[in-house]
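Working notes for the structure below.
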Amino acid sequence: MTTAVLLGAVLLASRLWLVEPVTVSSESMEPALPKGSTVLMFKPGPALGSPKAGDLVVFTSPEDGSPAVKRAIALGGQTVAIEDSVLVVDGVPQAEPGIDHSRIDGTYFGPVTVPAGHVFVLGDNRAGSIDSRAYGSVPLEALQATVLWPSGR
């Protein structure tokens with residue numbers, strides 16, 4: 001009985017403070033994360049250091065208050081632009097093998113400079129994503145987790 005209670009407490013603590021599943025509720029991260037897929041978010045991730053470009057992060061959407069999963073693109077001080085569907089960070093075109101550029105051909109944005117203490121996030125489905133292009137950069141302290149699995153890369 002004691003072992004079962006201890007195991008239950010460890011599992012509950014793990015879900016509360018370490019790892020929690022979240023369901024992707026939109027098409028904004030397709031094809032990497034289809035709508036309805038489940039990801040495991042690692043809650044201590046943001047506290048362990050700033051995300052790196054390409055990391056998937058979880059935060060509360062400014063649009064509707066639901067958990068949002070997006071890709072970190074740039075951190076404070078960096079400039080971001082989209083030039084004819086090509087992501088450009090600090091003037092350098094970025095290789096994005098998971099992005100279908102034919103679906104977003106003719107798309108332009110920016111350039112904008114990411115404020116200190118913020119992260120610029122984009123959905124992989126650029127044509128169907130509401131992200132930092134709409135609501136601006138996300139404060140680092142607003143990040144709830146990084147995605148542990150699947151990595152979406």
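Take the residues in the stretch 7-22 that are surrounded by 12 or more Cβ atoms within 10 Å (Cβ to Cβ) and at pLDDT 80 or above, then tell me which one is nearest to G98 (Cα to Cα). Filtering the stretch 7-22 for residues that are surrounded by 12 or more Cβ atoms within 10 Å (Cβ to Cβ) and at pLDDT 80 or above, the one nearest to G98 (Cα to Cα) comes out as V22. Would you confirm, using the coordinates I've provided, whether I104 is farther than 25 Å from Q144 by Cα, touching a Phe, Trp or Tyr at 6+ places or on another chain (Cβ under 8 Å) and surrounded by 13 or more Cβ atoms within 10 Å (Cβ to Cβ)? Judged against the criteria, I104 is not a match.
Looking across A81, A68, A116, one residue alone is open to solvent by 40 Å² or more (accessible area, probe 1.4 Å) and either in contact (Cβ under 8 Å) with a residue 24 or more places away in the chain or under 16 Å from L56 (Cβ atoms) (or both). It is A116.
Please find, within the stretch 86-101, the residue that is modelled with the highest pLDDT out of those that are closer than 18 Å to M29 by Cα and open to solvent by less than 40 Å² (accessible area, probe 1.4 Å). The residue in question is L87.
The criterion of being open to solvent by 40 Å² or more (accessible area, probe 1.4 Å), in contact (Cβ under 8 Å) with a residue 12 or more places away in the chain and among the acidic types (D, E) does not hold for D124.
The values are calculated or read from the model by the stated rules, or taken from the named source; none is laboratory data. Keep in mind that this is a model prediction, so the values were computed, not measured. With ideal geometry, Cβ positions are generated from the backbone for all residues, glycine too; neighbour counts draw on all protein chains shown. Accessible surface is based on the protein model in full, side chains and every heavy atom, while ligands, DNA and RNA are left aside. Shrake-Rupley method; radii C 1.70, N 1.55, O 1.52, S 1.80 Å.
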